[in-house]
Amino acid sequence: MKNILVVQDISCFGKCSTTVALPIISHFKLTASILPTAILSTHTGPDFPGYVMTDLSQHMRATIAHWKKLGLQFDAVYTGYLGNASHIDLLIEALPYLLKDQGLLFVDPVFADQGEFYAGFDASYVEAQSDLIAISDYLLPNYTEACLLTGQDFSHDDPSPLAIKSLLESLQAMGTKNAIVTGIHRGQEIGAVMLGQDQKVYQSFAPYVDQMFSGTGDVFASVFVGECMQEKILSAQAVLDQSVTFVYQAIQATLSDSDPINYGIHFEHVLNGLSSSQ
């Protein structure tokens, strides 16, 4: 089985980051290993003020040293919420030992949304992320993050196809092979657009639901990673379509559930709809 290393925080309550990535990646019949960057009492959404976070930098360093002695390597590394620039530096230093020669690096930068930085992040973190992006195979920011990474103005209006293409080209110019931007609005739809290594543009959209949901980016990225790591290689369009569609289906399942929406989207209800070629 292929082994995917998930490098993100663990939120003890609320569906995001590692607790989303593990079940989705496992569903694809892939082994999911973890390198936690921090432990949080809840996810960092506005409905959970005062969350408690424990930084795991020392544990990360010790874990990587142990793995290096054992010669452990992974078929892919998938990064999400890294927390601070020191985690990025540590990971960049370790990747030559952790990632197999033909392994893939997926980077979901996770530092902003809705035109604003998440708590604890600023422009210096964006700069630190650029070093990781430069060696990535796939980059998956949301629209806000993509604008901040490239220095482009954020707009709440629907970006034009030309503006999206320019944004993707700017991201690819940072070094990533494949740039994907999520949370792109198109009229009454929302979706993702990708500029592939083949220089072709792919896009996929689903109906827009006017409601805030935590963890949708994590769900999208985890499905995208799982699809890309299958033995039977899917087309870029198929991977994008399945990732966007799954998020929409999970949102619909959440709306019909009695749990508060701020807990995160209930992807478990539709998980069996994901296929695996392993």
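Please work out if A236 is open to solvent by 10 Å² or more (accessible area, probe 1.4 Å), hydrophobic (A, V, I, L, M, F, W, C) and in contact (Cβ under 8 Å) with a residue 24 or more places away in the chain. Answer is yes for this residue. Just checking, does the range 238-252 include any residue being among the aliphatic types (A, V, I, L, M), part of a loop (DSSP other than H, G, I, E, B) and touching a Phe, Trp or Tyr at 6+ places or on another chain (Cβ under 8 Å)? No, the range 238-252 contains no residue that is among the aliphatic types (A, V, I, L, M), part of a loop (DSSP other than H, G, I, E, B) and touching a Phe, Trp or Tyr at 6+ places or on another chain (Cβ under 8 Å). Would you check if D75 is out of contact with any Lys or Arg (no Cβ under 6 Å at 6 or more places or on another chain) and among the charged types (D, E, K, R)? Considered against the rule, which asks whether it is out of contact with any Lys or Arg (no Cβ under 6 Å at 6 or more places or on another chain) and among the charged types (D, E, K, R), D75 comes out as no.
If you go through the range 79-133 and keep only what is modelled with pLDDT under 90, buried (at least 19 other Cβ atoms within 10 Å of the Cβ) and over 19 Å from M212 (Cβ atoms), you end up with just G83. The single residue among T150, T79 that is out of contact with any helix residue (DSSP H, G or I) (no Cβ under 6 Å at 6 or more places or on another chain) and among the polar types (S, T, N, Q) turns out to be T79. In the range 241-278, what residues are under 19 Å from V209 (Cβ atoms), surrounded by 15 or more Cβ atoms within 10 Å (Cβ to Cβ) and hydrophobic (A, V, I, L, M, F, W, C)? Within the range 241-278, V244, F246, V247, A250, I251, A253, I261, I265, F267, V270 qualify.
Among (1) under 26 Å from S124 (Cα atoms); (2) over 17 Å from the mean Cα position of the chain (by Cα), which single condition is Q172 missing? Going through the list (1) under 26 Å from S124 (Cα atoms); (2) over 17 Å from the mean Cα position of the chain (by Cα), Q172 breaks only (2).
Take A128 and decide whether it is at negative phi and assigned to a strand (DSSP E or B). Lay out the reasoning, then the answer.
Details: at negative phi: yes; assigned to a strand (DSSP E or B): no.
Against the criterion (at negative phi and assigned to a strand (DSSP E or B)), A128 does not qualify.
Might you let me know whether the range 43-51 holds any residue that is within 22 Å of I92 (Cβ to Cβ), among the hydrophobic types (A, V, I, L, M, F, W, C) and buried (at least 16 other Cβ atoms within 10 Å of the Cβ)?
There is no residue in the range 43-51 that is within 22 Å of I92 (Cβ to Cβ), among the hydrophobic types (A, V, I, L, M, F, W, C) and buried (at least 16 other Cβ atoms within 10 Å of the Cβ).
Has the range 225-239 got any residue that is charged (D, E, K, R) and touching a Pro at 6+ places or on another chain (Cβ under 9 Å)? Checking the range 225-239: not a single residue is charged (D, E, K, R) and touching a Pro at 6+ places or on another chain (Cβ under 9 Å).
None of S214, S170, S204 is out of contact with any Lys or Arg (no Cβ under 6 Å at 6 or more places or on another chain), among the polar types (S, T, N, Q), open to solvent by less than 20 Å² (accessible area, probe 1.4 Å) and in contact (Cβ under 8 Å) with a residue 12 or more places away in the chain except S204.
The values are calculated or read from the model by the stated rules, or taken from the named source; none is laboratory data. From a predicted model like this one, the values you see are computed outputs, not experimental measurements. Glycine gets a Cβ as well: all are built from the backbone with ideal geometry, and neighbour counts include every protein chain shown. Just so you know, the surface numbers come from the protein's heavy atoms only, side chains and all, with ligands and any DNA or RNA stripped out. Shrake-Rupley method; radii C 1.70, N 1.55, O 1.52, S 1.80 Å.
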